Amino acid sequence: MEIVFGTWHWAVSGFLIGMVMLLLIYFGKSFGMSSNLRTMCTMAGAGKFSDFFKFDWREQKWSLAVVLGAFVGGFIAFYFLSNGTGVNINSDTVSQLQTLGIEAPNGKLMPDAIFSMETLQTPKGFAILLIGGLLIGFGTRYAGGCTSGHAISGLSNFQLPSLVAVIGFFIGGLLMAHYILPIIFKTA
């Protein structure tokens, strides 16, 4: 059962993602998570308030299955296909986090120093999540899609804007990890 409960080799996951992308290309569809938020807002009636949400959401309802699948798949993986060891982080990453005053998540997906309810109730924690959320929302619209849409769907369709966006994502991630994060979490 280790093949089910353990971490899959990147080649297996890559092959499966490639097969899904071939199916989507065959049916003339594209993959991305951020467009689903627009579809859900349109379904809720946001078109009454903004022209951005005025489109036929029924053409995009198939992609809502991706969101549902992410929730259901995550639930099944966590509660039924997990061996209980949690997430293992590289020891170098743990030591780098500790120099910033961030304790290792110890098997959890996210560190409490950033993503706990106690942190959210502090002005600094609230500001980090609010500003980060706004930047991600703006960046997703400005770039014309999210990381999964560009990196998986856009690159598989040989779209030059997706290549530029993915390069930008990597540069932004490196700048954040090496320069901005140490400023935000500088210990006194």
| query | With Gly45, Gly6 as the choices, which residue is modelled with pLDDT under 80 and open to solvent by less than 90 Å² (accessible area, probe 1.4 Å)? | reply | Gly6
| message | Take Ala165 and tell me if it is within 22 Å of Trp8 (Cα to Cα), at pLDDT 80 or above and in contact with a helix residue (DSSP H, G or I) (Cβ under 6 Å, 6 or more places away or on another chain). | response | no
| field | Scan of segment 90-126 for residues that are touching a Gly at 6+ places or on another chain (Cβ under 9 Å), farther than 14 Å from Phe185 by Cβ and of a type in the set (A, V, I, L, M, F, W, C), ordered by number | value | Leu109
| query | Out of (1) surrounded by 12 or more Cβ atoms within 10 Å (Cβ to Cβ); (2) in contact with an Asp or Glu (Cβ under 9 Å, 6 or more places away or on another chain); (3) closer than 27 Å to Ile3 by Cβ, what's the single condition that is false for Asn83? | reply | (1)
| In segment 118-160, what count of residues is obtained for those that are β-branched (Val, Ile, Thr) and either open to solvent by less than 40 Å² (accessible area, probe 1.4 Å) or within 22 Å of Thr39 (Cα to Cα) (or both)? | 5
| task | Could you list all residues from segment 161-180 that are among the hydroxyl-bearing types (Ser, Thr, Tyr) and open to solvent by less than 70 Å² (accessible area, probe 1.4 Å)? | result | Ser162
| field | Verdict on Gly149 being in contact with a helix residue (DSSP H, G or I) (Cβ under 7 Å, 6 or more places away or on another chain) and part of a loop (DSSP other than H, G, I, E, B) | value | no
| query | Any idea which of Phe75, Phe52, Phe15 is within 27 Å of Gly137 (Cα to Cα), assigned to a helix (DSSP H, G or I) and open to solvent by 80 Å² or more (accessible area, probe 1.4 Å)? | reply | Phe75
| Residues of segment 74-133 that turn out to be closer than 19 Å to Ile180 by Cβ and under 18 Å from the mean Cα position of the chain (by Cα), as a count | 10
| If you scan segment 18-42, which residues turn out to be exposed (fewer than 10 other Cβ atoms within 10 Å of the Cβ) and either modelled with pLDDT under 85 or under 28 Å from Leu135 (Cα atoms) (or both)? | Gly28
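The values are calculated or read from the model by the stated rules, or taken from the named source; none is laboratory data. Keep in mind it's a predicted model, so treat the numbers as computed, not measured. Glycine gets a Cβ as well: all are built from the backbone with ideal geometry, and neighbour counts include every protein chain shown. For the accessible areas, the whole protein counts, side chains as well, though only heavy atoms, and no ligand, DNA or RNA atoms are used. Shrake-Rupley method; radii C 1.70, N 1.55, O 1.52, S 1.80 Å.
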